[in-house]
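To keep things clear, I will list the structure first and then write my remarks on it.
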Amino acid sequence: MRLALLVLLACLALQAKAGAQKYEPLAASVQAALHAAIADRAAPEPRFDSLQEKIDWLTEMSRRLARRMPDREARLEFLKTVRYEAQRAGLDPQLVLGLIEVESGFRKYAVSTAGARGYMQVMPFWIDLIGEKSHNLFHLRTNLRYGCTILRHYLDIENGDLFRALGRYNGSLGRPEYPNMVRAAWEKRWNWGPRIIQARQ
């Protein structure tokens, strides 16, 4: 009985506090474009303007993340993957770090009450919409690839309006709490240089 109670408490502790994306039908062309974005298997090597910037960024972000991810090697792999997937989607990597902080608290196996999974709290219906049955939303690259692609999609349909895109991402469109939490985390704990969100041509 005591063991069952401990297991139940551990499971509850792993639940994420954030909401989740809502299913919305996608046009066939949008579905195909998002599927192509998910399917690309390029190696995760992030871009930096110089070797010094790479060293500085990884050192500083690693320092900020150390308390939440004590394993240095895993932490550096995580940061490189975040930066790669964020850049790939035209997002600011520090915005993505802020979103992950709010969504999952940097817990790889976080599960929300709505069933959203992983670092970026991706809803499983996205696998059916744009992915493949073999995709595991607890896998680092898979989760970040989906999360960044979905946020980019929401930014595109909201014409670059980050407040509304974050609301869609969280399933709380029109309410300020979630976008404000992500923005606060981005600006206060993950700020680094100019904020960059690229427009799609």
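Each residue in the stretch 66-80 was checked for being in contact with a Phe, Trp or Tyr (Cβ under 7 Å, 6 or more places away or on another chain) and in a helix (DSSP H, G or I), and 0 pass. Cβ separations smaller than 7 Å between residues 6+ apart or across chains give the following pairs from the stretch 71-97 residues that are closer than 12 Å to Trp190 by Cα and at pLDDT 95 or above to residues that are part of a loop (DSSP other than H, G, I, E, B) and open to solvent by less than 20 Å² (accessible area, probe 1.4 Å): Gln94/Trp190; Leu97/Trp190.
Within the stretch 154-184, if we keep just the residues that are on the phi > 0 side of the Ramachandran plot and touching a Gly at 6+ places or on another chain (Cβ under 9 Å), the residue that is least open to solvent (accessible area, probe 1.4 Å) turns out to be Gly171.
Condition (residue is of a type outside the set (Gly, Ala, Ser), open to solvent by 50 Å² or more (accessible area, probe 1.4 Å) and on the phi > 0 side of the Ramachandran plot) applied to the stretch 124-133: is it met by at least one residue? There is no residue in the stretch 124-133 that is of a type outside the set (Gly, Ala, Ser), open to solvent by 50 Å² or more (accessible area, probe 1.4 Å) and on the phi > 0 side of the Ramachandran plot.
Given the criteria free of Cβ contacts under 8 Å to residues at least 12 places away in the same chain and among the β-branched types (Val, Ile, Thr), does Ile157 qualify?
Numbers: free of Cβ contacts under 8 Å to residues at least 12 places away in the same chain: yes; among the β-branched types (Val, Ile, Thr): yes.
So Ile157 fits the description; yes.
Among (1) under 18 Å from Arg168 (Cβ atoms); (2) open to solvent by 10 Å² or more (accessible area, probe 1.4 Å), which single condition is Arg68 missing? Answer for Arg68: the failing condition is (1).
The values are calculated or read from the model by the stated rules, or taken from the named source; none is laboratory data. Here the structure is a predicted model, which is why all the values come from computation and not from measurement. FYI the Cβ positions are ideal-geometry reconstructions off the backbone, even for glycines, and counts take in every protein chain you see. When the accessible area is computed, the model is the full protein with side chains, heavy atoms only, and any ligands, DNA or RNA have been set aside. Shrake-Rupley method; radii C 1.70, N 1.55, O 1.52, S 1.80 Å.
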